[in-house]
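The values are calculated or read from the model by the stated rules, or taken from the named source; none is laboratory data. The shown structure was predicted, so the numbers you read here are calculated from the model rather than taken from an experiment. Every residue, glycine among them, receives a Cβ derived from its backbone with ideal geometry; neighbour counts consider all protein chains shown. Please note that ligands, DNA and RNA were not included when accessible areas were found on the heavy atoms of the full protein model with its side chains. Shrake-Rupley method; radii C 1.70, N 1.55, O 1.52, S 1.80 Å.
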Amino acid sequence: MLLGVMSDSHDNVWAIRRAAEELKRRGVGLVLHAGDWVAPFSARALREALGEGIRVVGVWGNNEGERPYFLEMARKYGVEIAGEAAELEAGGRRIALYHGTSPVLLRALVESGLYDLVVYGHTHQAAIERRGRTLVVNPGEVCGCLTGRSTAAVVDLAKLEAELLFLT
């Protein structure tokens with residue numbers, strides 16, 4: 001199973017659509033968003049670009065302001081918002097999803113040994129590394145607003161390998 005990973009879209013609808021189109025083209029079955037969507041229309045843009053049939057699970061970042069309305073819109077468009085963090089299983093792998101605001105909590109997730117994959121964002125800096133048996137992926141920023149690079153990632157859950165995607 002291929003997993004799409006994105007974070008820090010910050011309302012850049014063009015970049016959200018571009019990332020979704022590339023993830024869909026690569027055949028992902030699940031997309032994880034590690035937060036900082038910002039406005040509710042970001043969930044709509046992602047769903048519209050992905051189409052139906054691809055599950056989307058996201059968490060809150062530190063920039064989401066209108067959370068009740070965001071949840072309403074996310075439900076309407078079939079986007080699951082798990083709250084501050086999520087645990088899920090996909091492709092036989094245990095996955096943790098967290099925005100990454102607290103380095104202490106992020107380190108605890110990575111070093112716990114509970115997860116095959118830990119996905120985070122927040123720093124806007126793409127990083128793929130292995131910590132023990134855990135693959136740790138920060139897909140960078142979809143928005144491209146801090147680094148000038150719009151990025152996302154694809155994770156092959158069977159191989160437990162990740163590839164960074166440069167979208168601009």
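If the condition is being more than 19 Å from Gly91 (Cβ to Cβ), open to solvent by 50 Å² or more (accessible area, probe 1.4 Å) and within 16 Å of the chain's Cα centre (by Cα), then segment 107-128 contributes His122, Thr123, Gln125. Among strands (runs of 3 or more DSSP E) entirely within segment 128-168, having at least 2 residues that are more than 24 Å from His10 (Cβ to Cβ) singles out 134-138.
Return yes or no: is Ile95 open to solvent by 30 Å² or more (accessible area, probe 1.4 Å), β-branched (Val, Ile, Thr), in contact (Cβ under 8 Å) with a residue 24 or more places away in the chain and under 21 Å from Glu161 (Cβ atoms)? No, not satisfied. Within segment 44-83, the residues that satisfy the criterion of being small (Gly, Ala, Ser) and either without any contact (Cβ under 8 Å) to a residue 24 or more places away in the chain or assigned to a loop (DSSP other than H, G, I, E, B) (or both) are Gly51, Gly53, Gly61, Gly65, Gly78, Ala82, Gly83.
Residues in segment 1-28 that are assigned to a loop (DSSP other than H, G, I, E, B) and out of contact with any Gly (no Cβ under 8 Å at 6 or more places or on another chain) were compared, and the one that is surrounded by the most Cβ atoms within 10 Å (Cβ to Cβ) is Ser9.
Scanning segment 126-151 for residues that are of a type in the set (S, T, N, Q) and either modelled with pLDDT under 95 or closer than 14 Å to His99 by Cβ (or both) yields a total of 1.
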